[in-house]
1. Ignoring ligands, DNA and RNA, how do His2, His43 rank by accessible area with a 1.4 Å probe, largest first?
2. Pick from Pro345, Pro83, Pro327: which is most flexible by mean-square fluctuation in a GNM of the chain where alpha carbon atoms under 10 Å apart are linked?
3. Amide H neighbours of Thr124 under 5 Å, at least 5 residues apart or on other chains, H built in the peptide plane: list them.
4. How much accessible surface does Ile231 have with a 1.4 Å probe, in Å² rounded to 10?
5. For Asp5 and Arg344, compute 0.36 nm times the residue count separating them, minus their Cα-Cα distance, and round to one decimal in nm.
6. Which of the lysines could be linked to Lys16 by a straight reach, that is with a Cα gap under 27 Å, when you skip same-chain ones fewer than 8 residues away?
7. Quick one, could you list the DSSP H helices from the chain stretching 30 Å or more along their long axis (Cα atoms) with average Kyte-Doolittle hydropathy of -0.5 or above?
8. Take the Cα of Arg143, step 7 Å along the line toward its Cβ, and report every residue of segment 6-38 whose backbone nitrogen sits under 16 Å from that point.
Amino acid sequence: MHSEDYMRLAMEEAKKGEGFTNPNPMVGAVIVKDGRILNKDYHHRYGEYHAERNAILNCKEDMKGAELYVTLEPCCHYGKTPPCTEIIIESGIQKVYIGSMDPNPLVAGKGAEILKQQGIEVETGICEEACLSLNKVFFHYIRHKTPYVVMKYAMTADGKIATRTGASKWITGEAARKRVHESRHKYMGIMAGVGTVLADDPSLTCRLEGMKSPIRIICDTNLRTPLTAEIVKTAKDVPVILATAVKDEEAIRPYTERGCRVLQIPLEKDHIDLQILMKKLGGLGIDSILLEGGAMLNYSALQSGIVQALDMYIAPKLFGGIGAKTPVAGEGVELPKDAFSLHRPRIEQIGEDILVEWEVESCLQES
């Protein structure tokens, strides 16, 4: 096997931590000696040991002279766990292959340099593009201190998210809906508007066994969420954040008494300022959001520049109807040249439906 093969194994290990490590990155590690894999492991959960430490501690064989393949530069600082550079040096490993460097100012090349100073050979950039893609949420969050936002919607082949009567269940099939619940596990938060709450009374949870539910974030400028809404009734079980411009403490108290967290956000025109909301959510440690908004919130999010990616599910159906709802409403752009630009599509068939994953131009500008 070549170094790229071992790094791909490390990436497969890293993916096992998806949804559990946020706001830390997903990291995998593989220990190899004389062409034989001694052990492999990954970062299991936020606050627990990192991949390198897990792989080394659980290795039952002599690692002197071995090689370590790790998807992200080893940390070199004390946080919730000791630095990984420390245990790598103690293990007797003689060479470390790194997939991508860590942009965290606490690391940012220092980890690799410490290993070199201790006589350990370091080679970087192994499967770098794939390793960078693996942790695009982490890289965005560590650089900007705001969540990585993925707008998601399901539509028919003629671009409708509901019929002319407003009916929308179900547009996509069971396999695509399962993928959405996997995304709810993957990202730390899920965001919707109060209009969705009033229309559908959703729970916005992940209903897959063994997976976690996201923090539920409701954009509710005038605090119209009913106290009887499902998200309010379950706020003590699954966290809820209500983002509002309302400042009246008496109006807010019934929500906080039921376990909701209320963030007071200033207005931008006639709705809450989404950029300020992102900064506040980032300050709370929320590194990523799945935006399952209605057409108006989707437009506001795009217009404010907070969206980094788009998950578009397309069903093999046609609704028709000039009054049928589309995924993005609002005022819209005046000319084609003013359109929100999408790049680098990745297309996958899920059951009878198609998922197209896009990057939004603002994400490319930020990087």
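1. Values: His2 130, His43 5 Å².
So the residues, ranked largest to smallest area, are His2, His43.
2. The residue that fluctuates most here is Pro345.
3. Sorted by chain and number, the residues that satisfy this are Ile98.
4. 0 Å²
5. Values: separation 339, 0.36 × 339 = 122.04 nm, distance 2.50 nm.
Gain on extension, Asp5 to Arg344, equals 119.5 nm.
6. The reachable lysines, counting only those whose Cα sits under 27 Å from Lys16, are Lys33, Lys40, Lys60, Lys80, Lys95, Lys110, Lys136, Lys145, Lys152, Lys178, Lys186, Lys212.
7. Numbers: long enough: none.
Result, helices passing both filters: zero.
8. 25
The values are calculated or read from the model by the stated rules, or taken from the named source; none is laboratory data. Note that this is a predicted model, so its numbers are computed, not measured. Reconstructed Cβ throughout: ideal geometry from the backbone, glycine too, with neighbour counts over all protein chains shown. Protein only, heavy atoms only, side chains kept; ligands, DNA and RNA dropped before computing areas. Shrake-Rupley method; radii C 1.70, N 1.55, O 1.52, S 1.80 Å.
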